[in-house]
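Below is one structure; the comments refer to it alone.
Any read-out appearing in this document is the output of simple, stated calculations on the displayed coordinates, not a laboratory observation. Values in this document were obtained by computation on a predicted structure and should not be read as measured data. When we count neighbours, we look across all protein chains shown, and the Cβ atoms used for this are built from the backbone with ideal geometry, even at glycine.
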């Protein structure tokens, strides 16, 4: 396991849907599942691997976490402080470029999935 | 040899700035980066990354005569080797995760040693976010099996982005019409649209520029001492753990000293005014230092050096088609030099890609970052000055220790002194921010209270399991 960050065991929840968020996370090693809960059902949205990040939406929106993140197997996760991240972006806006790029990919992916759902129904 | 076209090349010094618009990087432009330490490799990486976003096709030659796969001095850039908490986070956000092979040890705390006692200050997030690394591939005679040099890792990143690694020693930089010519020891010579000097603070090139008559002053430098002890993983786990050990000792001319555990080795970094044998003897004789080693015996070091450190930036750190980054430009005082190299590399790359490569462009878009660091370093000098006073005043040391131990013992208590010490030792926050925190009434009131409490008899800290060890060693006499 990676020397940096915090260790999570298989099945351990890193972020709970609905809680307030004051940090973002970057996966150093391992895989996590992104799970949204609605009407008592769990929906697996995607899996994320090494170098992927999550938890950024709550930082930018100031809202609660939109999904639960659960470790799939052992994982090592690095926490990025809100102050460190937002302060860094103010100092160097290009720091947000990769986040914007990834969020853009995710919106594109969700749009395509939504379109497929519409077609199926 | 350095020959630049007169003083006007150094725009800010002469006040005769050339217009920026005619000196820009275009498709096919060539950039020479001299030195593949963190500043040079990160500049190359970010330059090519940013150029890629606007489909700008440029060539980058990254000159570095050393091979970072070598152990000992041949592959080393002589440095304590700590990647700060803030830089670990920035790099992770950029998508640059430091692999296990590079991180010799993830550090989760700082242990402050003083003659009045010790205290362990845990990382604010209780997470390993400081990376102990080797700039080369380990000390002399070490086994380069699993470890990878930090500088080598960054060099590979730059190479994967498209930088050409050139294993040549650059001996001269000179103007050639409206471009820059780079000369190497083996006779190689070529012209470039931009030269980036990232050759460190001990570079001969900067000395040549200074002596060429140009209005340029290379950085001020102070001598440091760095050595490596081979202790083995098990001994390190028992004696030092995953903690960086820093010393505030009442030894004349000693500014700062730290023991940094890494794999089988421990690095000692010692800063001071005119570091010499006498200073080192006094340091190694101190019981606080001896107690960090098994049996109180200081082993023979396997590798040592006296590198110089930048203690005041180059002026000005740019010219037409030339910019100085990292230790040969402007860096943070004493701490987080690699973090400062990252900021300078990005600022210089942004300027070159999106604005231009004239002295006017660098003055407008790169210099503000350097000035911000210089201003912050002034606050740093004040803070380190106060730390020197604390080093020399026993009652102050007792107050600081008392306040820190009591904060570390109670998780719900505001960690005012702990945070100040953490940020001062780790370089995680700007010095200005740390300085302003020490002016807050709550901090001053707390400190006064602990100065009193720490200097009267019944000062042991109760209900502090984490600090039990420190409590035992806390000296109340």
Problem set entry | Cβ-based exposure ranking for B:130, B:325, B:444, B:298, in which fewest neighbours within 10 Å come first | B:444, B:298, B:130, B:325
Seminar exercise, completed: Rounded to the nearest 10, the angle in degrees between the Cα long axis of helix B:337-354 and the longest principal axis of the Cα atoms of chain B comes to 30
Seminar exercise, completed: Residues B:244, B:369 in order from fewest to most other beta-carbon atoms within 10 Å are B:369, B:244
Exercise. By how many degrees, 0 to 90 and rounded to 10, does the Cα axis of helix B:416-426 deviate from the longest principal axis of chain B?
Worked result: 40
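For a Förster distance of 51 Å, can you work out the FRET efficiency between the beta-carbons of residue B:207 and residue A:12, rounded to the nearest 0.05?
Details: r = 56 Å, r/R0 = 1.09.
The formula returns an efficiency of 0.35 here.
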Problem set entry | Virtual spin-label span in nm between residue B:220 and residue B:442, 7 Å along Cα→Cβ | 3.6
Problem set entry | Neighbour-count ranking [beta-carbon atoms within 10 angstrom, fewest first] of B:255, B:228 | B:255, B:228
For this session: On a C-alpha basis, how far is the centre of region B:349-389 from the centre of region B:405-451 in Å? Whole number, if you could?
Result: 26
Problem set entry | Label point distance in nm, residue A:61-residue A:44, each placed 7 Å from Cα along Cα→Cβ | 2.4
For this session: Evaluate E = 1/(1 + (r/R0)^6) for residue B:311 and residue A:121, where r is the Cβ-Cβ distance and R0 equals 51 Å; express this FRET efficiency to the nearest 0.05.
Result: 0.15
For this session: Label the protein assembly as shown by shape, choosing from rounded, prolate and oblate, from the square roots a ≥ b ≥ c of the eigenvalues of the Cα gyration tensor; if a/c is under 1.5 it is rounded, and otherwise prolate applies when a/b is larger than b/c, oblate when it is not.
Result: oblate
Problem set entry | Cα long-axis angle, helix B:441-454 against chain B (0 to 90 degrees, to the nearest 10) | 40
Exercise. According to the square roots a ≥ b ≥ c of the eigenvalues of the Cα gyration tensor, what is the shape class of region A:6-120, taking rounded for a/c under 1.5, prolate for a/b larger than b/c otherwise, and oblate for the remainder?
Worked result: oblate
For this session: With label points built 7 Å along Cα→Cβ from the Cα atoms of residue B:274 and residue B:433, find their separation and express it in nm.
Result: 3.7
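Determine the relative contact order of chain B: mean sequence separation of Cα pairs under 8 Å and six or more apart, normalised by residue count, in whole percent. Spell out each step's value before the answer.
Details: 1034 pairs, mean separation 96.9, N = 477.
So the answer I get is 20 percent.
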